[in-house]
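First the structure, in the form of structure tokens, and then the observations on it.
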Amino acid sequence: MTVFAVEYVYDAESSDARDASRPAHREWTAGLVSEGALLASGPYGDGAGALLIFKAADEKALNELLKQDPFAAAGAISGTRTSVWAPLTGLLADHAA
């Protein structure tokens, strides 16, 4: 399994869509945490986006997961940046193996 850092950029006009879909988004992320697919997530302090740390077999599998995000269905995400990430120290380091 590969660890991926995914940055969401929120559409500037999407706060209402995010507010409406936030309960479903949090239910979705909680389910992924239970499955071991999502290691950590949360919004940036300025509200312009979020960082999500996933474990997935490959980028194709990750992209399939991301399509299921209620924020994506609501049109709240204007862009994403996905990078393979290798945490070497700290709480997430064990997940990089």
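If a spin label sat at a point 7 angstrom from the Cα of Arg26 along the line to its beta carbon, the backbone N atoms of the range 58-90 nearer than 15 Å would be those of 70-71.
Mean sequence separation of contacting Cα pairs (under 8 Å, at least six apart), scaled by the length of the chain, corresponds to a relative contact order of 47 percent.
To the nearest 10 degrees, how steeply does helix 15-35 sit against the main Cα axis of the chain, on a 0 to 90 scale? Value to nearest ten degrees: 20.
Can you classify the range 9-52 as rounded, prolate or oblate using the Cα gyration tensor, where a ≥ b ≥ c are the square roots of its eigenvalues, rounded means a/c under 1.5, and otherwise it's prolate if a/b beats b/c and oblate if not? Judged from the Cα gyration tensor, the range 9-52 comes out oblate (a/c at least 1.5, b/c at or above a/b).
Computed over the alpha-carbon atoms, the range 2-87 gives an Rg to Rh ratio of 0.94, Rh here being the Kirkwood radius from the mean inverse distance.
When the helix-only estimate is applied to the chain (DSSP H runs of n ≥ 4, each -39,500 (n - 2.57), divided by the residue count), what is the mean residue ellipticity at 222 nm, nearest 500 deg cm²/dmol?
Numbers: 3 runs with 34 residues, N = 97.
Mean residue ellipticity at 222 nm (helix-derived): -10500 deg cm²/dmol.
Values quoted throughout were computed directly from the atomic coordinates according to the rules given, and no laboratory measurement underlies them. All values reported here derive from a predicted model rather than from experimental measurement. Neighbour counts are summed over all protein chains in view; Cβ atoms, including those assigned to glycine, are modelled from backbone coordinates with ideal geometry.
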